[in-house]
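Beneath this line is the structure, given in structure tokens, with notes to follow.
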Amino acid sequence: MENCIFCKIVNKEVPNYTVYEDDFVLAFLDIFPHSKGHTVIIPKKHFVDLSAMTEEEWQKMAVALKRVEEKLQTVLQPAGFNIGINDQPAGGQVVPHVHWHIFPRWEKDGGGSVHSIIKNPGELKVEEVWKLFGKSS
Ligand code: 5GP
Ligand code: ZN
């Protein structure tokens, strides 16, 4: 996709620090890291957000994610990880090309958990939310 920074990285028009690559994905170090080794994993094909991807495409991303985590573990030996996806602008997505973040974590590194992303549960009780699913659950 023209003017997409991640497509430009895939096409080697913009340099990157590659951590892992296969036919479907490219994983590279985030240029503005939130932790040492902060990596983004992207499909080489342009998808605007997760809803544009099939189950099979998600599976390929998940396999790559595991391999990237193993690689980061071997090289950097962090004490833990956070894995996250900012999906769509309301979810914090800035670059409109699907990407999964992986953050290596260390004890007392000053970070929080994924729960620190949001604390706004709304008015409904958990049971009332569950009822909205009807028979679909
Ligand atoms: P988002 O906020 O869309 O989930 O995350 C986009 C990420 O892409 C950000 O963490 C940002 O630092 C990273 N990013 C943006 N432009 C570039 C770039 O040109 N190279 C690299 N390596 N990362 C980038
Ligand atoms: Zn793109």
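The values are calculated or read from the model by the stated rules, or taken from the named source; none is laboratory data. The shown structure was predicted, so the numbers you read here are calculated from the model rather than taken from an experiment. Cβ atoms come from the backbone with ideal geometry, glycine included; neighbour counts cover every protein chain shown. All accessible areas refer to the heavy atoms of the entire protein, side chains included, with ligands and DNA or RNA removed. Shrake-Rupley method; radii C 1.70, N 1.55, O 1.52, S 1.80 Å.
Quick look at the values:
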read-out	value
Search result, residues across region 57-89 that are open to solvent by 50 Å² or more (accessible area, probe 1.4 Å), touching a Phe, Trp or Tyr at 6+ places or on another chain (Cβ under 8 Å) and part of a loop (DSSP other than H, G, I, E, B)	Ala79, Ile85
Considering residues of region 33-56 that are without any contact (Cβ under 8 Å) to a residue 12 or more places away in the chain and acidic (Asp, Glu) only, the residue surrounded by the fewest Cβ atoms within 10 Å (Cβ to Cβ)	Glu55
Residue within region 10-18 that is within 16 Å of ligand 2 (Cβ to nearest atom), without any contact (Cβ under 8 Å) to a residue 24 or more places away in the chain, touching a Phe, Trp or Tyr at 6+ places or on another chain (Cβ under 9 Å) and within 25 Å of Gly111 (Cβ to Cβ) present	yes
Tally of residues being farther than 29 Å from Pro33 by Cα, within 27 Å of the chain's Cα centre (by Cα), open to solvent by less than 100 Å² (accessible area, probe 1.4 Å) and not β-branched (Val, Ile, Thr) across region 90-136	1
Residue under evaluation Ala62, criteria (1) closer than 28 Å to Ser116 by Cβ; (2) within 9 Å of ligand 1 (Cβ to nearest atom), criterion not met	(2)
